[in-house]
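Colleague: Here's a structure for you.
The values are calculated or read from the model by the stated rules, or taken from the named source; none is laboratory data. On a predicted model such as this, the values are computed, not experimentally measured, just so you know. All Cβ positions, even for glycine, are placed from backbone atoms using ideal geometry, and neighbour counts span all protein chains on display. Each accessible area value is taken on the protein alone, full model and side chains, heavy atoms only, with ligands, DNA and RNA left out. Shrake-Rupley method; radii C 1.70, N 1.55, O 1.52, S 1.80 Å.
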Amino acid sequence: MIREFVAHTSPGKGRIFALVDGDYSLEAVTTLGSNDLNLVAALVSGLNNYLADRDEAPLTAILDQLPNAVQIAIRNFIKTRCHFEVGMYTDCGFNEVVRQEVSFGPLRAGFLVEEFTDYLAAAYMLGLGIRVTNEVDDGEVFWSVELRADEAFIPAGEEPRTWPLPPDVPVLSIWISESTHDGPTASAVRAALDASEKGHWTRIHTIAHGGVRSTRGWSATSEFVVDVLDAPIPTAKENLTT
């Protein structure tokens with residue numbers, strides 16, 4: 001997955017590179033000649049904005065000013081290497097994983113529930129993106145937590161989701177914290193535990209849900225989402241592949 005685009009300029013050319021997530025290697029995208037060096041910064045900015053919002057119009061306006069060979073190289077790279085995944089980008093860039101595979105459980109008879117809730121509440125207060133899933137390990141149900149650098153923005157009217165659904169797994173129900181006046185973290189944990197106790201694969205994630213547009217941009221509310229999936233709770237090994 002591409003984290004971001006960067007450029008290296010010299011007096012005669014501007015080379016555009018893509019930074020690859022995971023191994024932090026650079027992939028060459030294209031080269032601009034001396035006549036187009038004034039567009040390097042705009043092109044890099046346009047490419048990075050495209051990663052975040054997938055709006056082709058602003059990027060096309062920049063590409064239209066470049067030679068055909070450059071346009072073709074960039075469009076081919078985007079098509080083959082810039083696959084979109086919900087929640088992976090924000091308006092501040094690539095949504096880093098800052099903590100992963102923190103496990104809580106088994107949560108029964110109140111054991112560790114308060115600690116689990118407090119951990120999520122602290123992350124929520126800091127504005128971190130939260131992804132939680134239940135899983136079975138050695139016959140017991142645990143909750144695996146991953147924290148990301150930011151909550152991904154979801155525009156008003158779009159599905160409240162910053163975590164792609166597993167392939168071919170239907171959703172039984174979606175719970176959103178906006179619908180409750182109770183504390184959002186505790187309510188989300190309670191909704192997730194209720195579904196998990198019935199044997200359902202259950203996931204918790206947070207979103208920055210867009211509202212009305214103003215002169216300052218889009219307003220947003222921070223919300224918890226609980227997805228109850230039509231599938232049994234996966235084993236920890238199975239969860240590594242989703």
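Colleague: Any residue at all in the stretch 87-100 that is at pLDDT below 85, touching a Ser or Thr at 6+ places or on another chain (Cβ under 7 Å) and either closer than 29 Å to Arg3 by Cα or open to solvent by less than 20 Å² (accessible area, probe 1.4 Å) (or both)? Spell out how you get there, then give the answer.
Modeller: Pass one, the stretch 87-100, residues at pLDDT below 85: 87-100.
With the extra rule that they be touching a Ser or Thr at 6+ places or on another chain (Cβ under 7 Å), the set shrinks to 87.
Retained after the next criterion (residues that are either closer than 29 Å to Arg3 by Cα or open to solvent by less than 20 Å² (accessible area, probe 1.4 Å) (or both)): 87.
Yes: the stretch 87-100 contains one or more residues that are at pLDDT below 85, touching a Ser or Thr at 6+ places or on another chain (Cβ under 7 Å) and either closer than 29 Å to Arg3 by Cα or open to solvent by less than 20 Å² (accessible area, probe 1.4 Å) (or both).
Colleague: For Ile174, are the conditions met, namely being open to solvent by 70 Å² or more (accessible area, probe 1.4 Å) and either among the hydrophobic types (A, V, I, L, M, F, W, C) or within 17 Å of the chain's Cα centre (by Cα) (or both)? Lay out the reasoning, then the answer.
Modeller: Details: open to solvent by 70 Å² or more (accessible area, probe 1.4 Å): yes; either among the hydrophobic types (A, V, I, L, M, F, W, C) or within 17 Å of the chain's Cα centre (by Cα) (or both): yes.
So Ile174 fits the description; yes.
Colleague: Considering the stretch 22-55 alone, what residues qualify as being touching a Phe, Trp or Tyr at 6+ places or on another chain (Cβ under 7 Å) and open to solvent by 40 Å² or more (accessible area, probe 1.4 Å)? Spell out the reasoning first.
Modeller: To start, the set of residues in the stretch 22-55 that are touching a Phe, Trp or Tyr at 6+ places or on another chain (Cβ under 7 Å) comprises 26-29, 44, 47-48, 51-52, 54.
Answer for the stretch 22-55, where residues must be touching a Phe, Trp or Tyr at 6+ places or on another chain (Cβ under 7 Å) and open to solvent by 40 Å² or more (accessible area, probe 1.4 Å): Leu26, Glu27, Ala28, Asn48, Arg54.
Colleague: Then there is this: Scan the stretch 150-161 and tell me whether some residue there is under 17 Å from Glu223 (Cα atoms), open to solvent by less than 40 Å² (accessible area, probe 1.4 Å) and modelled with pLDDT of 90 or more.
Modeller: No: the stretch 150-161 contains no residue that is under 17 Å from Glu223 (Cα atoms), open to solvent by less than 40 Å² (accessible area, probe 1.4 Å) and modelled with pLDDT of 90 or more.
Colleague: Do we find that Phe77 is at pLDDT below 85, under 27 Å from Asp55 (Cβ atoms) and surrounded by 15 or more Cβ atoms within 10 Å (Cβ to Cβ) in this structure?
Modeller: Working: at pLDDT below 85: no; under 27 Å from Asp55 (Cβ atoms): yes; surrounded by 15 or more Cβ atoms within 10 Å (Cβ to Cβ): yes.
Taking the combined requirement at face value, the residue does not satisfy it.
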